[in-house]
Structure formats: structure tokens, C-alpha cells
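These notes concern the structure reproduced below.
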């Protein structure tokens, strides 16, 4: 079962070499030359040594060398064969290395592209640290294994075959006695390979768990330190590392026993050849040169056979890493077919919309309301009422379980998510900035924006002054997740990014709830500028954002409980009036 799995995984890896088949073909041709040169070298050693010991000439295939040739011609042939082998091996190594790097570079790109295309619910079932481990540790393991396997198998296999031919031509009897143990090596090799792959998969999974722990604790270090949880965090790390070390010890033992076992079987074969060869020389002294040739070729087999045995171990390790990578590559993104969404002209309408998450939680339960084009609608309610779930439907991060969600009368699901998202701009509660410069973060809103457009967006978001004051201005690096900027500065850059997108529908998801009063005023000015003349859905707890909305929709437990403007809802004295909405 495992062997078949290994083969299937490696067939998929090898299939990825197709774009580089010309280089791979050249590499195999170079390895053929190296194998032929190595076989020539080995076949020359026996006749030359016997001639030197006996004091006569030497015969090599159809060629006969006189005594004088032993001083010059035969050594030159051996040196020439060695130089040719070295040169061919150098070319082979360069070509196979380039192919391996090309394959792994494309694999990394495909892996990253697949991760970018998967829906949020796929990531909810996995931890970012574990996925990062696959992208780093697993790719690194496969890179090493694939490079070694590609180079060794194409080089050493041909070298072994060439030397086996030399051994067979030297004497078939010695060949049979020596290499009768070869079938016996299949059993330990296959067992080692299965065990090595099992241990490799376990060790990579444990390493992923270690990455998860480190990523989680360091990402939340202020909380860990505030609660004096450093000892507990370290103990959690130590426990997982001990599990990883236990798996690695087993893996290293299996890999350590692999090469000595194959070497021992090889020594048994050579010993058997020497015993038989001595008897054959006693019966026929002229058999000595063939015995020496055979032994020379058999000894030259040691290095490529050892390399192949190590490669077999690495192949199993690489199969474990490749299996984990292909699990991600095989994850299917949701199809994104459909019509191209036009700008909102009439209304966005929720009609009896329900949403149930995969774990059975009901988020929306018959939600119905309308956002007319050009209108500012506020969606309010207690925590867990379903506000963020409604936004998830609009952004295409979830699909409704029932009901109808329409854009100018057409079901939202009939549009491609890509085209629909091009009509939306989302300013979340926690502004999301990527590592890079201010410019690079703004260009997420519009990749082809000019400098003039960037500065116009910053002016309208009330962010131009602080950007100009940065040491490098618009080229200032914002740090990881915008860590070099304040919360208000990050939010104003997010608003400027939304300006660049010129959205048909603006979604403001509690954009000022995490800010102090002074900072909120600055950000609010940018938001009011952004909302002018634009269809807007506001999710907020603060009256500064909600009070002036054209229409307020109050939801609770996934359904609408009240609707109206601010004054009407306050006068009604219902759920809205009772909500804690600090002004």
C-alpha cells in the first residue's frame, strides 16, 4: 500500500519535469557518457595490473598493448576516461539541478496560488502555522529529496548498469555468484523505504505542530507575557519538541541502518567472488586479468550503489513531504463562473436569507432588508446577531443556505465572485496592511493608479499629512501588518485604498470601534468623504456612524427585528433604543 502511494506521489512529481524535458534529456545523455567512461576505466584496470605484475603485454577487447604501451598509452586511456567521466558528471549535475529547481519553483507557485484561491472556510479547519510548515519545511524536504533523486537515479543507475555489464563480460560465473544476493536486497530496501516514509510523514506533521505553537505564541506575545504564561508556553513547546525528537530518533535509526545493510550484502557478494576467483585462477592462471577486471568493476560499484541506497531513503522522506503538499494542491477551490456584475443601479436585496455554517451553527435565519442604490444603510445589533455573516455573504466568503440575495434583481450567485468583488470596497474593523511600503498597500486598491491618484486618495482619506511626515513618505515601509503605524493611520490608509477602488457598494464593518475619541474623529472625517454619493452598508456600534444613516436595520439572532431612521427607532423604545451605543 505504502509503496504504491510512494510511486503515485513521485509519478506526479516526475510529471512536473515535462517543461524541462530537453534539459533532462541532455542530462541523461551526459550520464550515459559518464557511465560509459566509468565502465571503460574499470575494464582497463584489470589488464593493466596483470600486465604490470607479469611483465608482459596486455589485451583489452580487440586491442593489444605491448609492454612499452603500459607506461604511456594505457595510463592515458585511464586518465582520459576519468576526465570524460568527471566532465560528463559535472554537466549532468548542473542540468539535473536546474531541472529540480525549476520543478520546485513551479510547485511553490502552484501551492501559493492554490492557497490564495481557497475559500476562508477551508482555512478555518487548519492552523496557519501548520500551513506555513508545509510551505517551508515540506517544500525544503521535497526540494532536497527531488534534487538528490533526480541526480542520483539518472546518474548512478546507468553507472551501476554499465559496471554490471563489465562484470558480466569479465566472467558470467563470477557475476552470478556475486550478484545472486541482489534479489535479496529488495526485501530490506522495501521495508526500510516503508518505515522511512512513515517516520518522515510523522516527523513533518510534528514539525508543523511546532511551527503552529511558535507562530501562535509569538503572534500573541503581549497576552502571553501579561498573564505570565511564558513557562507554560515553553512547556508546551518542549512537549511537542520531545514528540518530534522521538519520531526523528526512529527515523534516523531506520535511515542509519539502511546503508550498512546494503553494504554488508554487497561485501558478501564480493567475498564469494574472491573465493571462486581464486579457484579459477588456480585452474587457469590466464584468468587473472579477468578476475582483476571483475573485482575492479565490483569495487567501483560501491559508490553508486551506496548513493542509490541513500537516495532510496531520501525518496521515502520526500514522498512524505510531497504527500502533504499534494493534499493542499488537491483541495478544490469553489468555482468562480458567472456573469460580470454591473455597478449597482437599483438595489441590493436580502429576502428571507438564511446561513448555516459547516459546524451546524445558524448565523442568519430569514434575514430580509434592502439597500437602495445611493442609500446609506446601517446594520446594527448585539454581538452574534449575524452582522458579520451578512458581510461574508456579500464578499463571497460564504453562500446562503436559503432565501434570495439579489443585485439589481439578479441572484448574487449568478455573478462571478471576482467581478462582484471588483464592485465592492470593504473597510474592516481591524485595518489590514501587508508588509511593504505605503504605496504598495495603496496599490492593492488599484494596481494601475498613478502618483497623482494615490495622493488624491490620501487627501480625501485625510491621510496625506501624516504620510508626508513619514521619513520616506509614500515609500515608507509600514512593517508587518502595519506595525510601524498607529491604529488611526492604518485605518486611514485602508480608507484611501477604498477610494482608489471607486466601489459601487461600500461596506464599513465597525471601522472606528477600536479607536479612541480623538483618533475616531480623524478617521470619521475620511469615512464621511468616502461615503459621499456612494451606496453604503455600515456595521457599527457607535452613533457617530449610525445616527445619520438613511435607514437603520436592527437584527438579532439572524433576523430583522426593527427598521427605520434613528429618530423613529429611538422614539419606538424597542431593541435599538436599548442597545448600548455610546455617542
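No value in this document is a laboratory result; all are computed from the given coordinates. The model shown is predicted, which means the values in this text are computed figures rather than measured ones. Quick reminder, even Gly has a Cβ in these numbers, built from the backbone with ideal geometry, and neighbours come from all protein chains shown.
Couple of notes before you dig in:
- Estimated FRET transfer efficiency (residue 275, residue 157; beta-carbon r; R0 22 Å; 0.05): 0.15
- In terms of surrounding Cβ atoms within a 10 Å radius of their Cβ, 481, 460 rank from fewest to most as 481, 460.
- Between residue 135 and residue 214, the contour length at 0.36 nm per residue exceeds the Cα-Cα span by 26.9 nm.
- Across the stretch 347-578, C-alpha contacts under 8 Å between residues 6 or more apart give a mean separation that, scaled by the residue count, equals a relative contact order of 29 percent.
- Per-pair calculated FRET efficiency, R0 = 56 Å: residue 306 and residue 361 via Cβ, rounded to 0.05: 0.45
- The convex hull around the C-alpha trace of the stretch 324-426, projected and averaged over every direction, spans 8.0 square nanometres.
- Where labels lie 7 Å past Cα in the beta-carbon direction, separation of residue 529 and residue 561 in nm: 3.8
- Taken along the Cα-to-beta-carbon direction at a fixed 7 Å, the label points for residue 347 and residue 29 span 7.2 nm.
- By the Kirkwood approach, averaging reciprocal distances over each pair of separate Cα atoms, the stretch 347-578 gets a hydrodynamic radius of 18.4 Å.
- Ranked for footprinting exposure by Cβ neighbours inside 10 Å, fewest first, 330, 138, 550 give 330, 550, 138.
- Pair residue 483, residue 172: separation of 7 Å Cα→Cβ label points (nm): 7.3
- Taking 0.36 nm per residue of separation and subtracting the Cα-Cα distance, full extension of the segment from residue 395 to residue 329 would add 21.4 nm.
- Net length available on complete extension from residue 548 to residue 404 is 49.0 nm, with 0.36 nm assigned per residue and the Cα-Cα distance removed.
- Residue order, fewest to most surrounding Cβ atoms within 10 angstrom, among 351, 562: 351, 562
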